[in-house]
Number of protein chains: 2
Amino acid sequence: MGAPPGYRPSAWVHLLHQLPRADFQLRPVPSGFAPQEQEYQQALLLVAALAGLGLGLSLIFIAVYLIRFCCCRPPEPPGSKTPSPGGGCVTWSCIVALLAGCIGIGIGFYGNSETSDGVSQLSSALLHANHTLSAIDHLVLEMVERLGEAVRTELTTLEEVLEPRTELVAAARGARRQAEAVAQQLQGLAFWQGVPLSPLQVAEDVSFVEEYRWLAYVLLLLLELLVCLFTLLGLAKQSKWLVIVMTVMSLLVLVLSWGSMGLEAATAVGLSDFCSNPDPYVLNLTQEETGLSSDILSYYFLCNQAVSNPFQQRLTLSQRALANIHSQLLGLEREAVPQFPSAQKPLLSLEETLNVTEGNFHQLVALLHCRGLHKDYGAALRGLCEDALEGLLFLLLFSLLSAGALATALCSLPRAWALFPPRNPSALCSGSRLSEPLLPAGL
Amino acid sequence: MGAPPGYRPSAWVHLLHQLPRADFQLRPVPSGFAPQEQEYQQALLLVAALAGLGLGLSLIFIAVYLIRFCCCRPPEPPGSKTPSPGGGCVTWSCIVALLAGCIGIGIGFYGNSETSDGVSQLSSALLHANHTLSAIDHLVLEMVERLGEAVRTELTTLEEVLEPRTELVAAARGARRQAEAVAQQLQGLAFWQGVPLSPLQVAEDVSFVEEYRWLAYVLLLLLELLVCLFTLLGLAKQSKWLVIVMTVMSLLVLVLSWGSMGLEAATAVGLSDFCSNPDPYVLNLTQEETGLSSDILSYYFLCNQAVSNPFQQRLTLSQRALANIHSQLLGLEREAVPQFPSAQKPLLSLEETLNVTEGNFHQLVALLHCRGLHKDYGAALRGLCEDALEGLLFLLLFSLLSAGALATALCSLPRAWALFPPRNPSALCSGSRLSEPLLPAGL
C-alpha cells in the first residue's frame, strides 16, 4: 500500500527479450541489458547486420529478376504492337505494391508519433522529477533560513528581555538549541544538493535527440510517399523519364528502409532487454552518476513495503524537536508574558514562524515520500517501454512493408516502363492526356 | 512551488471555444460549459444539426448531378463503340476520391487511437486517485486501530503496574488522553470515508463507454476501407454488380460519415468549452456528488500557494500530541523502570507502536498532500483535453475527407459503370481477366 500501481513489462518486451542473441563468433550472449559489455554490443550489432543481409539479398533478387527479364525472353520485333501478355499483371502488381507501401507509410507515421509520445512522456517524467527534487532543496533552504532568522532575531531578543530570570532564559536557550538541531536535521534531507546529475539536463538531451529522430523519420516517410505518388503519376501519364527517376529513387528509399529497419530492430531488442528488468540497471547507473547511498535510491526506485524510508529518523527527530519548541514557547508565554510584556511580541512572532515551519515540514514530508518520485519513474518506464517500444515495432512493420513494396515495385517498374509506347519528346512538356485506366482496350 | 506543472488549455481548445454558439431561435448562447442548461444543449444540437444539413446538401448535389448526367446528355445509339471523351477522367477522379478516402481512413485510425489513449489516460488517472483515496482511508483505519489497541492493552497494563505511584499513573493517563486525541484527530482525516462517489466506478464506466465508442469507429473505418477496396476491385474487374453494390454501400457510409461528423463536432465543441476552464465545473460537480467541503476540494483541484492545506491544523495537532506522548513515555521510562521493572515491557512496546505510528503518519501526510491527487487531476485533464480532443479533431478530419471522397465517388461511379462494356451473365461468375490499367487503349 502507498506505492502507486507500478510498471509491468508488456508481452512485447517478454517476446523480444526471449529471442536468442549471439556475438560475432555466434556464441550465445545472455539477454540481460549490459550496454557496456562488448559481447552485448556485438549481439545488437549482429541484429542490425541482419537488416544489411536482407538488403543484400533483396538487391541480388531484384538484379537476377531484371537480368532474367532482359536477357532470357525472346526478342520482339521493334515494330510489334501486340501487348505482352503479362503487361496488365505487371502494372497491377506495381500499383498493389505502391498501395502496400502507402499503408506502410500510414503505419510509419503512426509508429513515429507513438515513439515520440513515449519519449516525451519520459522527458516530462524527468522534468517532473527535477521539479520535485529542486522543490525539496528549495523548501529545506527556506526552512533552514527561516529558523536561522528566528534564532538570530526573535530568540536573541527574547533572551535579552528575559535576562532577569535565569530559568526562563534557560528555557529560551533550550528552544534555541532545538531550533538549531532541527535546522541541522533538515539540511540532511536536501539529499539532491550538490549531486552532479540533473534530470532537467537529461530531459533536454533526450528531447533534443528525439526531435532529430522524429524529423528524420518524417522526412523518410515523406520521401517514400512522394516516390509512391510520383511513380503512380508516372504510370498514369506513361512518362518514361518520371518512372526512371522514380525507379532510382525507389532504390535509394529501399536502402534507407533496410537501414532504418536495422536500427529499429537493434534498438527494439536492446530496449526489450532493458525493459524486462529495468530496476537494477537504473539503480546502478544512478548510483554511479550521483554517488547517493543505495538505501535512498532503492527507496525511490522500488518504493514498496520492504524498503523503509531512509529519512524516517531525521523526520521523526525534527518533528519531535518542533513539537518541543512549541511546548517550550507555550510554557514561556504562560510564565514570562505576565512579568515581561515586551516578551509577547517576539513570542508571537516565534509561534508564527513555528506554524509556517510545521506547514512547510508537512510539505517536505510529502515531497520526500517515495510515491511522487516513484510515480515519475513508473511514468518514464511506461513511456519508454510501452509507447516508445510499441512505436518502434510499428516503425519496424513500416520498414518491412516498404522494403517489400519497393522491391516488388523495382521488379515491376522496368517491365511496366518497357511496355510504354514510344512518344516524341515534345509530348513530355505539352502534358499528355491522362491515360484511361480500368477501361478496356477495345472501348 | 510544490504544485506540479499543471494543465493549460491548448490552442485548439481556445479556437473551438471562440466559435459562436446559438440556440434553436438563433439567439447567441454564452460558450461557458453548462450541459444542464437548455440553451447550451440546443447550441450543441445545432452544431450536430449542421452535419445533417451538410448531408442533405451533398445528397441533393449528387442527385442533381446524376439526373443531369442521365437526362441532359444527347442519347447515344445503343450500338455505338466510341468511348465517351470524359471516361478516363471519370474513372481517374473516382480512383483519386477513393485514395483520398483511404488517406482519411488512415487519419481516422490515428484519431481513434489518440482518443482512446486520452480516455484511457483519464481512467488511469481516476484509478490512481481511487488508489490514493482508499490508501488514506486504509492508513487512517490502521493507525486508529493500532493506537486503540495500544491504549487498551499496554497503557492499561502500565497503569496497573504503576498504581502505587499516583503521579506516574497521571503521566500514563496523560499519554492515554493524548493517544485518544490523536485517534480522534486522525479519524477526521479520512475525508473520503462514506463519500458516495467512487472514482473506480467512474473509471469503469468511462472505460466501458470508450470501449464501445472505439469499436464502433473501428467498424466504421473497416467498412469504409472495404467499400474503397471493393469499389477499386469492381472498377478493375469492370464488374457491374460489384460497383452497383458498392455504390449503395457508399451511400450508406456517406450517411454514417456525416452522422459521425455531427457527433464529433458537437462533442469537440462541448469538450472545448469544458476544457477552456474546467476547474469551476469540476469543483461544483464534485461538491454536489460528494458533499465534501469546498476548502478540501479546492485544495486538491487548485493545489497552489493561495489555498492552504485544510488538514494542516489536524496534522499539526496530531504531530504535537505524538511528540508529547513520546516525551511522556521517555519520562516514564526514566522514572518508573528502576522502581517497577515490569513496566519496561509495555513501555518498549508502546514506543515501538509510537515509532510505527509516526512512520505511518509521515505516509499519511504525503498521501493527504495535494500534489499526488492534483497530478492525477492534471493527467485526467490532459488526457481528455489534449489527447482525446486532438483525436476527435482527427476523426472530424476523417469524416470530412470521407464525406467528400464518397460524394465524389458517388458522382463518378454511375458514370464509370455506364462506360463498362456489356457482357454475358456467365462472365460474372467465371472471373473475368483483370483489365489492364494505365496501358493505352491502342496498345
When restricted to B:ASP273, B:ASP279, the only residue more than 14 Å from every other protein chain (Cβ to nearest Cβ), assigned to a helix (DSSP H, G or I), farther than 30 Å from A:ALA323 by Cα and free of Cβ contacts under 8 Å to residues at least 24 places away in the same chain is B:ASP279
Residue count, the stretch B:317-344, condition part of a helix (DSSP H, G or I) and either over 14 Å from B:GLU159 (Cβ atoms) or in contact with a strand residue (DSSP E or B) (Cβ under 6 Å, 6 or more places away or on another chain) (or both), comes to 18
Just checking, which of B:GLU159, B:GLU145 is farther than 30 Å from B:VAL119 by Cβ and crowded, with 16+ Cβ neighbours inside 10 Å? B:GLU159
How many residues does the stretch A:166-216 hold that are small (Gly, Ala, Ser) and under 30 Å from A:GLN339 (Cβ atoms)? 8
Filter result for B:ARG177 (farther than 18 Å from B:LEU395 by Cα and among the basic types (Lys, Arg)): yes
Which one is surrounded by the fewest Cβ atoms within 10 Å (Cβ to Cβ) among residues in the stretch B:338-377 that are hydroxyl-bearing (Ser, Thr, Tyr) and farther than 30 Å from B:LEU133 by Cβ? B:SER342
Exception for A:SER198 within (1) within 14 Å of chain B (Cβ to nearest Cβ); (2) surrounded by fewer than 17 Cβ atoms within 10 Å (Cβ to Cβ); (3) under 37 Å from the mean Cα position of the chain (by Cα) falls at (1)
Pick from the stretch B:241-277, criterion among the polar types (S, T, N, Q) and farther than 18 Å from B:LEU46 by Cα, ranking: surrounded by the most Cβ atoms within 10 Å (Cβ to Cβ): B:SER250
Tell me, which residue of the stretch B:317-360 that is among the hydroxyl-bearing types (Ser, Thr, Tyr) and away from chain A (no Cβ under 11 Å) is farthest from A:ASN355 (Cα to Cα)? B:SER342
Taking the stretch B:218-247 on its own, how many of its residues are touching a Gly at 6+ places or on another chain (Cβ under 7 Å) and not acidic (Asp, Glu)? 5
Residue tally, condition of a type outside the set (Val, Ile, Thr), free of Cβ contacts under 8 Å to residues at least 40 places away in the same chain and either within 13 Å of chain B (Cβ to nearest Cβ) or not in a helix (DSSP H, G or I) (or both), over the stretch A:296-316: 5
Filtering the stretch A:125-165 down to residues that are part of a helix (DSSP H, G or I) and among the acidic types (Asp, Glu), which residue is farthest from A:GLN339 (Cα to Cα)? A:ASP137
When you scan the stretch B:203-219, do you find a residue that is within 14 Å of another protein chain (Cβ to nearest Cβ) and closer than 30 Å to B:LEU297 by Cα, even just one? yes
Is it the case, given these coordinates, that B:LEU233 is surrounded by fewer than 17 Cβ atoms within 10 Å (Cβ to Cβ) and within 14 Å of chain A (Cβ to nearest Cβ)? yes
Candidate set from the stretch B:368-420 (those that are outside any helix (DSSP H, G or I) and not aromatic (Phe, Trp, Tyr)); member that is farthest from the other protein chains (Cβ to nearest Cβ): B:LEU419
Kindly evaluate A:ALA181 against the criterion of being surrounded by fewer than 19 Cβ atoms within 10 Å (Cβ to Cβ), in contact with a helix residue (DSSP H, G or I) (Cβ under 7 Å, 6 or more places away or on another chain), touching a residue at least 60 places away in the same chain (Cβ under 8 Å) and part of a helix (DSSP H, G or I). yes
Restricting to the stretch B:104-146, name every residue that is more than 8 Å from chain A (Cβ to nearest Cβ) and over 24 Å from the mean Cα position of the chain (by Cα). B:ILE136, B:ASP137, B:VAL140, B:LEU141, B:GLU142, B:MET143, B:VAL144, B:GLU145, B:ARG146
Please name all residue pairs, on different chains or six or more residues apart, with Cβ atoms under 6 Å, provided the first residue is in the stretch B:247-263 and is under 15 Å from B:ALA51 (Cα atoms) and the second residue is hydroxyl-bearing (Ser, Thr, Tyr). B:SER257/B:SER399; B:SER257/B:SER402; B:SER260/B:SER399; B:MET261/B:SER399
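FYI, it's all coordinate maths here, none of it is from the lab. As the structure is a computational prediction, the values presented were derived from the model and not from experiment. Here the Cβ is made from the backbone with ideal geometry for all residues, glycine too, and neighbour counts use every protein chain on show.
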